[in-house]
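The values are calculated or read from the model by the stated rules, or taken from the named source; none is laboratory data. The structure displayed is predicted, hence computed values, not measured ones. Cβ placement follows ideal geometry from the backbone for every residue including glycine, while neighbour counts extend to all protein chains displayed.
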Amino acid sequence: MPRISTFERDLKFATAGIAPENIAKEMAAFARSELSKAIQEGTGSERYDKYVNGRLDAEEETVVPPGPILYVFRWWQEIIELALQAAVDRSPEKSGDYKKSWFIMTPGGIVANFDSISINSTVILTNNRAYSRKIDVGHMRMSVPPGIIEDVRKMVMSRFGNFVTAKRTMITLPGGYILKGRFRRGYRPFARTKLRSDTAAGAQMTYPALVMTMKVE
(Lines give C-alpha, C1' and ligand atoms only; values in the text may rest on other atoms or scores of the structure.)
Protein backbone atom coordinates (compact mmCIF):
# COMPACT_ATOMS: atom_id res chain seq x y z
CA MET A 1 0.00 0.00 0.00
CA PRO A 2 1.50 3.42 -0.92
CA ARG A 3 2.49 5.53 2.05
CA ILE A 4 -0.28 7.98 2.90
CA SER A 5 2.13 10.94 2.85
CA THR A 6 3.28 10.09 -0.69
CA PHE A 7 -0.26 9.76 -2.00
CA GLU A 8 -1.29 13.13 -0.50
CA ARG A 9 1.79 14.81 -1.95
CA ASP A 10 0.96 13.46 -5.41
CA LEU A 11 -2.59 14.77 -5.15
CA LYS A 12 -1.40 18.23 -4.18
CA PHE A 13 1.05 18.24 -7.08
CA ALA A 14 -1.69 17.19 -9.49
CA THR A 15 -3.87 20.17 -8.48
CA ALA A 16 -1.22 22.81 -9.09
CA GLY A 17 -2.49 25.50 -11.48
CA ILE A 18 -6.11 24.30 -11.42
CA ALA A 19 -8.90 26.80 -10.80
CA PRO A 20 -10.11 26.54 -7.17
CA GLU A 21 -13.67 25.66 -8.19
CA ASN A 22 -12.37 22.65 -10.17
CA ILE A 23 -9.86 21.28 -7.66
CA ALA A 24 -12.24 18.82 -5.96
CA LYS A 25 -13.33 17.37 -9.30
CA GLU A 26 -9.74 16.98 -10.49
CA MET A 27 -8.66 15.44 -7.18
CA ALA A 28 -11.46 12.87 -7.44
CA ALA A 29 -10.52 11.96 -11.01
CA PHE A 30 -6.84 11.65 -10.11
CA ALA A 31 -7.60 9.52 -7.04
CA ARG A 32 -9.74 7.11 -9.06
CA SER A 33 -7.06 6.90 -11.74
CA GLU A 34 -4.36 6.09 -9.19
CA LEU A 35 -6.61 3.49 -7.55
CA SER A 36 -7.23 1.77 -10.88
CA LYS A 37 -3.51 1.82 -11.66
CA ALA A 38 -2.59 0.31 -8.28
CA ILE A 39 -5.11 -2.52 -8.72
CA GLN A 40 -3.90 -3.29 -12.25
CA GLU A 41 -0.26 -3.33 -11.12
CA GLY A 42 -1.03 -5.65 -8.20
CA THR A 43 0.01 -3.13 -5.55
CA GLY A 44 -3.64 -2.54 -4.67
CA SER A 45 -6.57 -4.84 -3.96
CA GLU A 46 -10.07 -4.69 -5.41
CA ARG A 47 -11.25 -4.83 -1.80
CA TYR A 48 -10.71 -1.55 0.02
CA ASP A 49 -12.18 0.99 2.42
CA LYS A 50 -12.44 4.54 1.09
CA TYR A 51 -12.08 7.63 3.26
CA VAL A 52 -12.72 11.15 1.97
CA ASN A 53 -11.71 13.78 4.53
CA GLY A 54 -12.00 10.96 7.07
CA ARG A 55 -15.56 10.02 6.00
CA LEU A 56 -15.97 6.33 5.22
CA ASP A 57 -17.44 5.54 1.77
CA ALA A 58 -18.00 9.18 0.84
CA GLU A 59 -17.80 9.94 -2.89
CA GLU A 60 -14.47 11.25 -4.12
CA GLU A 61 -16.14 14.35 -5.60
CA THR A 62 -17.21 15.46 -2.11
CA VAL A 63 -13.59 15.98 -1.06
CA VAL A 64 -12.77 19.28 0.58
CA PRO A 65 -9.27 20.24 -0.64
CA PRO A 66 -6.59 19.46 0.29
CA GLY A 67 -8.26 16.18 1.29
CA PRO A 68 -7.11 13.55 1.77
CA ILE A 69 -8.72 10.84 -0.31
CA LEU A 70 -7.47 7.60 1.16
CA TYR A 71 -7.91 3.99 0.04
CA VAL A 72 -7.09 1.33 2.65
CA PHE A 73 -6.70 -1.98 0.86
CA ARG A 74 -8.12 -5.11 2.49
CA TRP A 75 -5.78 -7.98 1.57
CA TRP A 76 -6.87 -10.67 4.01
CA GLN A 77 -9.41 -12.36 1.73
CA GLU A 78 -6.88 -12.89 -1.06
CA ILE A 79 -4.04 -13.88 1.27
CA ILE A 80 -6.14 -16.38 3.20
CA GLU A 81 -7.66 -17.94 0.09
CA LEU A 82 -4.17 -18.55 -1.31
CA ALA A 83 -2.87 -19.96 1.99
CA LEU A 84 -5.83 -22.28 2.50
CA GLN A 85 -5.74 -23.61 -1.04
CA ALA A 86 -1.98 -24.12 -0.86
CA ALA A 87 -2.35 -26.09 2.39
CA VAL A 88 -5.06 -28.31 0.89
CA ASP A 89 -3.08 -28.86 -2.32
CA ARG A 90 0.05 -29.71 -0.33
CA SER A 91 -1.75 -32.22 1.93
CA PRO A 92 -1.45 -35.96 1.25
CA GLU A 93 -4.18 -37.08 -1.15
CA LYS A 94 -5.29 -39.97 1.06
CA SER A 95 -5.00 -38.16 4.39
CA GLY A 96 -8.76 -38.16 4.96
CA ASP A 97 -9.91 -35.64 7.53
CA TYR A 98 -6.52 -33.91 7.59
CA LYS A 99 -6.94 -32.50 4.09
CA LYS A 100 -10.39 -31.18 5.04
CA SER A 101 -9.42 -29.81 8.45
CA TRP A 102 -7.49 -26.65 7.63
CA PHE A 103 -9.08 -23.55 9.09
CA ILE A 104 -8.48 -19.88 9.86
CA MET A 105 -8.62 -18.29 13.28
CA THR A 106 -7.74 -15.05 15.03
CA PRO A 107 -7.20 -14.53 18.78
CA GLY A 108 -11.00 -14.20 18.96
CA GLY A 109 -11.66 -17.67 17.54
CA ILE A 110 -12.40 -19.39 14.23
CA VAL A 111 -13.25 -17.04 11.35
CA ALA A 112 -15.36 -17.85 8.30
CA ASN A 113 -15.87 -14.34 6.87
CA PHE A 114 -12.32 -13.39 5.91
CA ASP A 115 -13.32 -9.97 4.57
CA SER A 116 -14.41 -8.97 8.08
CA ILE A 117 -10.93 -9.43 9.57
CA SER A 118 -9.35 -6.21 10.80
CA ILE A 119 -6.15 -5.04 9.14
CA ASN A 120 -4.48 -5.13 12.57
CA SER A 121 -5.52 -8.71 13.39
CA THR A 122 -3.23 -11.69 13.76
CA VAL A 123 -4.44 -14.41 11.40
CA ILE A 124 -3.60 -18.08 11.97
CA LEU A 125 -3.81 -21.01 9.56
CA THR A 126 -3.72 -24.40 11.25
CA ASN A 127 -5.07 -27.95 11.22
CA ASN A 128 -6.67 -29.53 14.30
CA ARG A 129 -6.14 -33.20 13.48
CA ALA A 130 -4.27 -34.98 16.27
CA TYR A 131 -1.63 -36.22 13.81
CA SER A 132 -1.07 -32.86 12.06
CA ARG A 133 2.23 -32.35 13.86
CA LYS A 134 3.52 -35.75 12.77
CA ILE A 135 2.63 -35.02 9.15
CA ASP A 136 4.23 -31.57 9.16
CA VAL A 137 7.50 -32.58 10.80
CA GLY A 138 7.76 -35.85 8.88
CA HIS A 139 7.26 -38.26 11.77
CA MET A 140 4.77 -40.24 9.66
CA ARG A 141 5.61 -41.80 6.32
CA MET A 142 3.36 -40.00 3.84
CA SER A 143 3.03 -39.54 0.08
CA VAL A 144 4.29 -35.95 0.35
CA PRO A 145 7.44 -34.56 1.98
CA PRO A 146 7.23 -32.86 5.39
CA GLY A 147 7.18 -29.09 5.85
CA ILE A 148 3.65 -28.27 4.67
CA ILE A 149 3.33 -25.11 6.76
CA GLU A 150 6.75 -23.84 5.69
CA ASP A 151 5.91 -24.38 2.03
CA VAL A 152 2.66 -22.45 2.46
CA ARG A 153 4.58 -19.67 4.20
CA LYS A 154 6.95 -19.38 1.25
CA MET A 155 4.05 -19.18 -1.19
CA VAL A 156 2.33 -16.45 0.84
CA MET A 157 5.51 -14.41 1.13
CA SER A 158 6.31 -14.83 -2.55
CA ARG A 159 2.93 -13.42 -3.58
CA PHE A 160 2.07 -11.03 -0.75
CA GLY A 161 5.38 -10.36 0.99
CA ASN A 162 5.04 -6.61 0.45
CA PHE A 163 1.90 -6.54 2.56
CA VAL A 164 2.13 -9.34 5.13
CA THR A 165 4.59 -11.16 7.36
CA ALA A 166 4.19 -14.90 7.90
CA LYS A 167 6.00 -17.31 10.20
CA ARG A 168 5.67 -20.96 11.16
CA THR A 169 5.15 -21.70 14.84
CA MET A 170 3.51 -24.20 17.18
CA ILE A 171 0.31 -23.31 19.02
CA THR A 172 -2.13 -24.91 21.43
CA LEU A 173 -5.82 -25.09 20.55
CA PRO A 174 -8.87 -24.93 22.82
CA GLY A 175 -9.98 -28.49 23.43
CA GLY A 176 -6.79 -29.76 21.83
CA TYR A 177 -5.51 -33.32 22.10
CA ILE A 178 -3.91 -34.33 25.41
CA LEU A 179 -0.82 -36.45 24.84
CA LYS A 180 -0.65 -39.95 26.27
CA GLY A 181 3.13 -40.10 26.47
CA ARG A 182 3.59 -43.01 24.07
CA PHE A 183 6.77 -42.88 22.04
CA ARG A 184 7.26 -44.19 18.54
CA ARG A 185 10.51 -43.42 16.79
CA GLY A 186 10.17 -41.70 13.43
CA TYR A 187 11.32 -43.38 10.25
CA ARG A 188 13.73 -40.67 9.15
CA PRO A 189 17.48 -40.73 9.94
CA PHE A 190 18.38 -38.90 13.15
CA ALA A 191 14.80 -39.08 14.45
CA ARG A 192 14.68 -38.47 18.18
CA THR A 193 15.00 -41.49 20.45
CA LYS A 194 12.86 -40.33 23.37
CA LEU A 195 9.96 -38.04 24.24
CA ARG A 196 10.60 -34.33 24.50
CA SER A 197 9.31 -32.47 27.56
CA ASP A 198 6.44 -30.97 25.55
CA THR A 199 5.31 -34.42 24.41
CA ALA A 200 5.12 -36.10 27.81
CA ALA A 201 1.93 -37.70 29.08
CA GLY A 202 -0.65 -35.10 30.09
CA ALA A 203 0.86 -32.29 28.03
CA GLN A 204 -1.44 -30.41 25.69
CA MET A 205 -0.50 -31.05 22.10
CA THR A 206 0.89 -28.19 20.04
CA TYR A 207 -0.14 -27.83 16.41
CA PRO A 208 1.90 -26.46 13.48
CA ALA A 209 0.50 -23.10 12.43
CA LEU A 210 1.15 -20.25 10.04
CA VAL A 211 0.82 -16.91 11.86
CA MET A 212 0.28 -13.87 9.63
CA THR A 213 0.20 -10.16 10.39
CA MET A 214 -0.32 -7.26 8.02
CA LYS A 215 2.41 -4.69 7.45
CA VAL A 216 0.68 -1.45 8.41
CA GLU A 217 2.48 1.76 7.50
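The table for this structure:
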quantity: Residue list for the range 49-58, restricted to those being of a type in the set (D, E, K, R) and not in a strand (DSSP E or B); calculated: 57
quantity: Selected residue (criterion: modelled with the lowest pLDDT) from residues of the range 43-57 that are touching a strand residue (DSSP E or B) at 6+ places or on another chain (Cβ under 7 Å) and under 16 Å from residue 30 (Cα atoms); calculated: 44
quantity: Breaking point among (1) on the phi > 0 side of the Ramachandran plot; (2) at pLDDT below 95, for residue 98; calculated: (1)
quantity: Check on residue 118, within 23 Å of residue 171 (Cα to Cα) and in a loop (DSSP other than H, G, I, E, B); calculated: yes
quantity: The range 152-167 - residue that is surrounded by fewer than 18 Cβ atoms within 10 Å (Cβ to Cβ) and of a type outside the set (A, V, I, L, M) and, of those, farthest from residue 78 (Cα to Cα); calculated: 167
quantity: Among the candidates 81, 46, residue that is surrounded by fewer than 19 Cβ atoms within 10 Å (Cβ to Cβ), part of a helix (DSSP H, G or I) and charged (D, E, K, R); calculated: 81
quantity: Count - residues of the range 51-78 that are surrounded by fewer than 17 Cβ atoms within 10 Å (Cβ to Cβ) and among the charged types (D, E, K, R); calculated: 4
quantity: Only one of 70, 84 that is closer than 18 Å to residue 209 by Cα and among the aliphatic types (A, V, I, L, M); calculated: 84
